[in-house]
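Report on the structure given below.
The values are calculated or read from the model by the stated rules, or taken from the named source; none is laboratory data. Since the model is a prediction, treat every value here as computed from it, not as a measurement. Using ideal geometry, Cβ is built from the backbone for each residue, glycine included, and neighbour counts are taken over all protein chains shown. Heads up: the accessible areas ignore ligands, DNA and RNA and are worked out on the full protein's heavy atoms, side chains in. Shrake-Rupley method; radii C 1.70, N 1.55, O 1.52, S 1.80 Å.
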Amino acid sequence: MSPQPSYHPGSKDVPLKPDRSSPSRHVEGARASRSARGHGLRRRGQLGIGGNSVSPLGVGNNSPPKEVNNSDCSLGVTKEIAICADKTMFSDLRPLQLRKTMEIKGTVTEFKHPSDFYVQLYSSEVLEYMNQLSASLKEIYANAQEEDYVPVKGEVCVAKYTVDQTWNRVIIQDVDVLQKKAQVLYIDYGNEEIIPVNRIHQLTRNIDLFPPCAIKCFVASVIPAEGNWSNDCIKTIKSLLMEQYCFIKIVDILKEEVVTFAVDVMLPSSGKLLDHVLVEMGYGLIPKGLNSKKQSADHCDPKDVGKMTAENKIVVDRSDLIPKVLTLNIGDEFCGVVSHIQTPEDFFCQKLQSGHKLAELQASLSEYCGRVSPRSDFYPTIGDICCAQFSEDDQWYRASVLAYASEESVLVGYVDYGNFEILNLKRLCPITPKLLELPMQAIKCVLAGVKPSLGIWTPEAVCLMKKIVQNKIITVKVADKLENSSLVELVDKSVTPSIRVTKVLTDAGFAIGEKGIVTDKPSDTKEASVPLGAEAKLNPLAWTWVGLAIDQTVDVVVCMIYSPGEFYCHVLKEDALKKLNDLNKSLAEYCQQKLSKDFKAEIGQPCCAFFAGDGSWYRAIVKEIVPNGNVKVHFVDYGNIEDVTSDELQMIPTKFLKLPFQGVQCWLVDIQPRNKHWTKEAIARFQMCVAGIKLQARVVEVSENGVGIELTDLSTSYPRIISDVLIDEHLVLKTNSPQKDLPRSRPVNKHLQSGGLGCQAISSAVQWRTIELPVNKTVQASILEIINPNLFYALPNEMPEDQEKLCMLTARLLEYCNAQESQSSYRPRTGDACCAKYTNDDFWYRAIVLGTSEAEVKVLYADYGNIETLPLCRVRPISASHLELPVQIIKCSFEGLMELNGSCSQLIIELLKNFMLNQNVMLSVKGVIKNVHTVSVEKCSGNGAVSIADKLVMYGLAKNITSKKQTTSYKGIFFNFDN
């Protein structure tokens, strides 16, 4: 996404269980509706307490009398009876009215393994109690002073949770008097931690003795296949269960120190029983004498589950399903094809001599899979080989299961080709040993003898390599063996002279050669092969602007407005905007690698600059270095000016300066302000005339400051000259002399002249702002749309404070839009604010453009969170006055720097959408920069929370990194597909 109008620069003590971030309020997924002025547009994500579930909890008005239990008082306490009489013990809580065969609904809030997990019970009663408890504890203990209160084992207290500093009920599991620490279990959630005793307080008498809301469970009727639950099992099942609503049937109840329930768990989306799934995936076995179709109520002691052996194993020996691997030796040379390219340091080859065997395999796969009826009960284990139906041609191929993306979909890698994709489980089927006789044909390779000239392989370099080798027979020579791949030379001998891939990449400037045969691992993409600072000194940067001549007529679109006397246009010719979009993508991928360090800004110097409005990087020129150390930059392709920090600047390689700067500075000729300055009314009217419309520009004068132009709107029934509209409405004065005094000078190749702005810049579609949440506030919100990890939209679930103003605004928008003429040529851009006519009620609302096509526009209703696609006739430009009230959605960016492997960035976006799009999450605000909230995100479809970054790590697709920009550590993610 480029910095388009109004959405671009110018418009911009540790817990024991880290997988649960905060004991937050349990929220039902159903949302209560509200509308603006009683109309049909609903606010998404509003919370409500409802449901007709029968409560499994015993709730009476009278608490049972406390019994003094001497055995509960220990650890050096001398007056046990007296002390316990003042304390609330676990036995004092009202008992759970749960019994065998009872079916209940709940959310898995803590998961260690299938024999130890916690389920928070769901009912309207539990919801109401949790809401009341949260409010009461906050009120009672908000100003509580830290004190060395010494609890006793078995006591129910309140404790401040480390992660979010909220007060919650706990049971004391152990106390270390000398260290003044205690191990606690959060009885309403199931997670544990060790905390100092000064963060523990006695439970006050006015807190209701409600039963624990979370119960300890283990899966009945199944034991581990390998004696203990494997890490793969835990990882896979946790991803299916954690924070999910499940239907649970109680098979047995074990009276232990903590009451434990043997349960049958029905997975929410598939309706399958978890014990069946564990057996099908090869993780579990059915104990001796237990009928798999009729599960008995005999329980398995969870303490003994981990010790049971896998006798009478009734699954196929998985050792027969281990695929063979092709072996290569240094010096081997063969004819082959390149089957898949990520980068020159990550691609896959196939031997040509194995082509007929691979064809035979494909025929056998098709025949076998055609006979096998689709199975809804097939849950392959991570790392397993199976048959997978490729989405692009519906043919069957061998694939390895890399991770579970959801309960019903997996990430697979095609072992004979090298590519990967996310598939629904219905597109998988088990494989047979016979189909694994042929070794895996995809040979993972690294191109020998070269490194990327910029430190990272650019999309253009990848594209060039594909062009050289695509659909050709290539000679592959093994130069060296690496840990997981082969270092190879690629030569096309089908032409004379032969073509070496390394030489082509080097000659094109995408690669630099390495002396001799490379025997080390491939170059670290984090380090530039040539220091960028040195490159700049050796090769002074040169650049150009889009050039226009007097009397030239061109089509333009206005991208940034300061006034009718200063605005910026894009010239619509020769695919310039497509080239700019391609350049922006390459520039963003380059900058995400953080290759250039210690960049020293100098006035007039081109650079890469970070724009907080969409979390991406763009070309810029340094305009000014301000006293606080920040740098004022001019985004040369769009016209706006932003203050950025030194961390938000990078050296720009000369490659990104070949395309002329696209933001042409302009002014309307033959007009001047009525007074000394342009009025708000004149600027607003000018904006309304040009927003999102293709205009014809006739160049009247050219200077080093830009071009003076006459703008004409040809989309109306008769040509409309924009300056005449402003003159006729008495907003400006006509002048016969060209305007020469501009608010600031135009940069010409070397320096950007300094000078103050005559007025604040606005985009051609009017600048818009969201509400801003306080730093350190944690809110529940719905994720509406994900652009990238640096920009996604969310809607806080709490009711807006400006409800009445929103209702009045709806009435004003209705009047405003009905009075406007229909503009058939109005073409809003992605990121613009506009007025949109909601389909369900035909009222007008404020909206943000998410995407456009020739005839339609996808919009996000900025105060309610709904998204729909509309024909262009149902959108209108919006005025600045209608955007004075901040919109209710918020712009968010993940906390810290999230560095991604460029080739996997789309995959991570898809996984993020899978994890949190259209779902409730907890957002913790870490900062607000240029109206973008830097947040940590924890998913909270039920009680308990899981960090989105941690979840990706849990799948084995990501690993944590630490940013050098921050003084505190935080997690980012990047993909690592190597095993």
Kirkwood Rh and Cα Rg combined as Rg/Rh, the range 552-734: 1.02
Label-point gap, in nm, between Ser91 and Ser364 - each point 7 angstrom along Cα→Cβ: 6.7
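Order 549-561, 139-151 from most to least packed using the mean count of other Cβ atoms within 10 Å. Intermediate results must be reported in sequence, preceding the final value.
On the way: 549-561: 18.4, 139-151: 12.2.
Listed from highest to lowest mean packing, they are 549-561, 139-151.
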task: Could you work out the local net charge near Val501, counting Lys and Arg as +1, Asp and Glu as -1, over the other residues with Cβ closer than 13 Å to its Cβ?
output: +3
- prompt: What's the FRET efficiency of Asp332 with Val491 using the Cβ-Cβ distance as r and R₀ = 22 Å, to the nearest 0.05?
  reply: 0.95
task: Could you calculate the FRET efficiency of Glu257 with Asn918 from 1/(1 + (r/R0)^6), where r is the beta carbon distance between them and R0 is 41 Å, rounded to 0.05?
output: 0.50
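Could you order the peptides 622-628, 273-279 from most to least packed, using the average number of other C-beta atoms within 10 Å per residue? Provide the component values of the computation, followed by the final result.
On the way: 622-628: 14.0, 273-279: 22.4.
Taking the mean over residues of other Cβ atoms within 10 Å, the ranking is 273-279, 622-628.
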query: For the residue pair Arg205 and Ile512, what label-to-label distance in nm results when each label sits 7 Å from Cα along the Cα-to-beta-carbon direction?
result: 7.9
message: Classify the range 102-285 from the C-alpha gyration tensor, please: rounded if a/c falls under 1.5, else prolate or oblate depending on whether a/b exceeds b/c.
response: prolate
- request: Tell me the label-point distance for the pair Thr654, Glu147, using the 7 Å Cα-to-Cβ offset, in nm and rounded to one decimal.
  value: 7.4
statement: With every protein chain in place, the accessible area of Thr770 for a 1.4 Å probe, in Å² rounded to the nearest 10, comes to 0
- line: Note: His356 to Lys472 extended length (0.36 nm per residue) minus current alpha-carbon separation gives 40.1 nm
- prompt: Can you give me the Cα centroid spacing of the range 406-472 and the range 834-859 in angstrom?
  reply: 39
Cross-link pairs beyond the 21 Å C-alpha cut-off, checked among Lys357/Lys466; Lys573/Lys658; Lys324/Lys451; Lys238/Lys324: Lys357/Lys466; Lys324/Lys451; Lys238/Lys324
- request: Take the Cβ-Cβ distance between Asn840 and Ser124 as r, set R0 to 22 Å, and report the resulting FRET efficiency rounded to the nearest 0.05.
  value: 0.15
- prompt: Between rounded, prolate and oblate, where does the range 578-672 land on the alpha carbon gyration tensor, with a ≥ b ≥ c its root eigenvalues, rounded for a/c under 1.5, else prolate if a/b exceeds b/c?
  reply: oblate
field: Full-extension gain in nm, Asp724 to Gln132, via 0.36 nm per residue minus C-alpha separation
entry: 206.7 nm
Ordering of 214-221, 407-414, 191-198 by packing [mean C-beta count within 10 Å, highest first]: 214-221, 407-414, 191-198
